[in-house]
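Below is one structure; the comments refer to it alone.
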Amino acid sequence: MIAPHDDIDRIMDVMVQAFPPEYGEAWNRRQVSDLLLLSGTRYGLVAPGGSMAPEAHEETAGFFLSRSVLDEEELLLFAISPAWRRRGLGHALLSCFIDQAKGRGINRIFLEMRAENPAGHLYAAHGFVPTGIRPLYYRTPSGKRLDAISQELRLD
Ligand SMILES: CC(C)(COP(=O)(O)OP(=O)(O)OC[C@H]1O[C@@H](n2cnc3c(N)ncnc32)[C@H](O)[C@@H]1OP(=O)(O)O)[C@@H](O)C(=O)NCCC(=O)NCCS
């Protein structure tokens, strides 16, 4: 998918605010634009009012990035800006992503998240189940180590 320059700006605006710096989860602009040149990649945006197509004058509240291969799709990044959290936008964007994936014939969605991330509640509410652990995958500057948890949603 080729993303317009403006949409990459929108993704990066959310990216720099949304991910806690200590876990190194945020991607840089080059990583995002290179990813979106690959086949099967997709992104989605959500506006503060819940629209999945923010108007030109509007801020972007959140985004997702994904990549599909055959009937499987990986949710690579998913974030809502801190200013717009706990208003249901995470639910709305994730529902939209899952519905789009279903519409494209995807049978399995998977993702990886750090242990203790409150995003786990969101994923569980949409039917994702944990399928595996990479022990102590994340390391913070303070030395704290956290597992990475693989999650899967079956749509078939
Ligand atoms: C996870 C994230 C996307 C949630 O976005 P959001 O817009 O606040 O989500 P919603 O308001 O739709 O809430 C979704 C559910 O997530 C859970 N949740 C979200 N934030 C939470 C928190 N701080 N503590 C506990 N549960 C939380 C709740 O179960 C909530 O559902 P409920 O309000 O019905 O109880 C957002 O916090 C975020 O961008 N975090 C940083 C980036 C990140 O970690 N992304 C996931 C990478 S795998």
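Counted as qualifying within the range 1-104 are the helices (runs of 4 or more DSSP H) with 2 or more residues that are of a type outside the set (S, T, N, Q) and under 21 Å from ALA115 (Cα atoms), namely 5-18, 89-103. Under 6 Å between Cβ atoms, which residue pairs at least 6 apart in sequence (or on different chains) link something in the range 135-156 that is farther than 25 Å from SER68 by Cα with a partner that is among the small types (Gly, Ala, Ser) and surrounded by 14 or more Cβ atoms within 10 Å (Cβ to Cβ)? Partner pairs satisfying both residue conditions: LEU146/ALA115.
Screening ILE98, ILE149, ILE109 for residues that are crowded, with 17+ Cβ neighbours inside 10 Å, of a type in the set (Val, Ile, Thr) and within 12 Å of the ligand (Cβ to nearest atom) leaves exactly one candidate, ILE149. For residues in the range 1-45 being out of contact with any strand residue (DSSP E or B) (no Cβ under 8 Å at 6 or more places or on another chain) and closer than 22 Å to GLY88 by Cβ, which is surrounded by the fewest Cβ atoms within 10 Å (Cβ to Cβ)? That would be PRO20. Taking the criterion of being open to solvent by less than 40 Å² (accessible area, probe 1.4 Å) and either within 12 Å of the ligand (Cβ to nearest atom) or under 17 Å from ALA79 (Cα atoms) (or both), the residues of the range 124-145 that qualify are PHE128, TYR138. Flag: ALA92 does not match the condition of being in contact with a Ser or Thr (Cβ under 9 Å, 6 or more places away or on another chain) and open to solvent by less than 40 Å² (accessible area, probe 1.4 Å). Checking each residue in the range 112-123 for being among the hydrophobic types (A, V, I, L, M, F, W, C), over 14 Å from LEU89 (Cα atoms) and either within 8 Å of the ligand (Cβ to nearest atom) or within 13 Å of the chain's Cα centre (by Cα) (or both) picks out only MET113. Within the range 79-86, can one find any residue that is open to solvent by 70 Å² or more (accessible area, probe 1.4 Å), basic (Lys, Arg) and in contact with a strand residue (DSSP E or B) (Cβ under 8 Å, 6 or more places away or on another chain)? Within the range 79-86, not a single residue is open to solvent by 70 Å² or more (accessible area, probe 1.4 Å), basic (Lys, Arg) and in contact with a strand residue (DSSP E or B) (Cβ under 8 Å, 6 or more places away or on another chain). Restricting attention to the range 46-59, the residues being over 14 Å from GLY88 (Cα atoms) and among the aliphatic types (A, V, I, L, M) number 2. Kindly establish whether GLY62 is near the ligand (Cβ under 8 Å from one of its atoms), crowded, with 19+ Cβ neighbours inside 10 Å and either under 13 Å from the mean Cα position of the chain (by Cα) or of a type outside the set (Lys, Arg) (or both). The answer is yes for GLY62. Checked against (1) out of contact with any Leu (no Cβ under 9 Å at 6 or more places or on another chain); (2) closer than 22 Å to ASN28 by Cβ, LEU65 passes all but condition (1).
The values are calculated or read from the model by the stated rules, or taken from the named source; none is laboratory data. Small disclaimer: the values here were computed from a predicted structure and weren't measured. A quick note on method: Cβ atoms are made from the backbone with ideal geometry, for glycine too, and the neighbour counts reach across all protein chains shown. Side chains included, ligands, DNA and RNA excluded: accessible areas come from the protein's heavy atoms. Shrake-Rupley method; radii C 1.70, N 1.55, O 1.52, S 1.80 Å.
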